[in-house]
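Beneath this line is the structure, given in structure tokens, with notes to follow.
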Amino acid sequence: MRKEMIDLIRYLKKLGYLKDPRIEAAMMELDRADFVSSEVRDRAYEDIALLSFGSSGKVCSTSTQPSLLVTMIEELGMRDEDRVLDLGTGTGFCACILGKMAKNGSVITVEKDREVAFVASRNFERYSMKNVRLVIGDGRYGYESDAPYDKIISTVALSGMSEVLFSQMKIGGRCVSPIYRSYMDTPVFLFERTDDTTLRVSEVTGAVFMVAEDSEPDPLYRNREFRLRLTDGRFQII
């Protein structure tokens, strides 16, 4: 474990983040420098978002600001035995944390870009993540084959909760995802499935994330706390 990674963890705790000792223990086994682009590796231990993979001048993947990622994972309320769906693998930092927390569970992580996924797969080998499975696909549709999931997390901003992802959540399950309001306003929301048709929704924190292609703002998410019911394939506030 590099001293710089230990210093980052201590810094996050000093700021009031990293309350869950299991996340701390998972991060202590990882080195963020392995998950960011070589051009910014010297800044891997700062609490900032960084480029994790680029190609031909295009940003293909970013590494979420550590304090924000920690906040999102804590909102999941992870248990050792959870089956977790991770949307937007990137280079795998989030999936590795989740995999180390789900000691008796499993993580399905979905990445659309094959070049980015290749980097992630190497990181999973580096850290012997036996309970993490990488799938190439569009995370907006989840991964039905291993559903339902106890927890779902996305590090790409979505238009909102879809019927497809809702159907892959267990009753009592939680989903944490940024939601697209505008390109500079993608706050993180917590979704809790309470029964066959209903979600409890609350805004967790403001944020700026990469946005899933073809996303459109949904006026439902102008609200900060509300409940949704799925009726005839559409969510409506109740």
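Assorted remarks:
- Its relative contact order, with pairs defined as Cα atoms under 8 Å and 6+ residues apart, puts segment 30-104 at 26 percent.
- Simple Cβ-charge dipole of the chain, Lys/Arg +1 and Asp/Glu -1, about Cα centre, in debye nearest 20: 480
- Electrostatic dipole magnitude of segment 8-137 [Cβ: Lys, Arg +1; Asp, Glu -1; Cα centre; debye, to 20]: 120
- Charge dipole (the chain, unit charges on Cβ, about Cα centre) - positive-most of ALA207, SER177, ILE9: ILE9
- Antiparallel bridges, percent of DSSP beta bridges restricted to the chain (to nearest 5): 55
- Legend: translational diffusion of the chain by Stokes-Einstein, Rh = Kirkwood radius over C-alpha pairs, 25 °C, 0.890 mPa s; D = 138 µm²/s.
- Theoretical gain in end-to-end length, ARG79 to ILE6 [0.36 nm per residue, Cα-Cα removed]: 23.9 nm
- PHE118-VAL40 FRET efficiency (beta carbon distance; Förster radius 25 Å; 0.05 resolution): 0.85
- Heavy atoms of VAL156: accessible area, 1.4 Å probe, square angstrom to 10: 40
- Between LYS112, LYS100, LYS151, the Gaussian network model of the chain with springs among Cα atoms under 10 angstrom shows the greatest mean-square fluctuation at LYS112.
- For segment 116-238, the Kirkwood radius over C-alpha pairs fed into Stokes-Einstein at 4 °C and 1.567 mPa s yields D = 85 µm² per second.
- Within the accessible surface of the chain, defined with a 1.4 Å probe on protein heavy atoms only, the carbon and sulfur portion equals 46 percent.
- Sparse packing (at most 12 other Cβ atoms within 10 Å of the Cβ) combined with a DSSP loop state is found for the following chymotrypsin sites (Phe, Trp or Tyr not before Pro) in segment 120-209: TYR183.
- For segment 1-85, accessible area per residue (1.4 Å probe, heavy atoms of protein chains only), Å²: 50
- Segment 95-209, dipole about Cα centre (Lys/Arg Cβ +1, Asp/Glu Cβ -1), debye to the nearest 20: 480
- Nearby lysines by direct alpha-carbon distance to LYS151 (threshold 27 angstrom, same-chain neighbours under 8 apart not counted): LYS13, LYS19, LYS100, LYS103, LYS112, LYS130, LYS170
- In the chain, taking the dipole from charged Cβ atoms about the Cα centre, the farthest positive-side position among SER145, ALA26, LEU165 is held by ALA26.
- As a calculated quantity, the FRET efficiency between ASP47 and TYR141 at R0 = 25 Å, using C-beta atoms, amounts to about 0.20.
The values are calculated or read from the model by the stated rules, or taken from the named source; none is laboratory data. None of these values were measured; they are calculated from a predicted model. Quick reminder, even Gly has a Cβ in these numbers, built from the backbone with ideal geometry, and neighbours come from all protein chains shown. The protein model used for the area step is the full one, side chains on, heavy atoms only, and it has no ligands, DNA or RNA in it. Shrake-Rupley method; radii C 1.70, N 1.55, O 1.52, S 1.80 Å.
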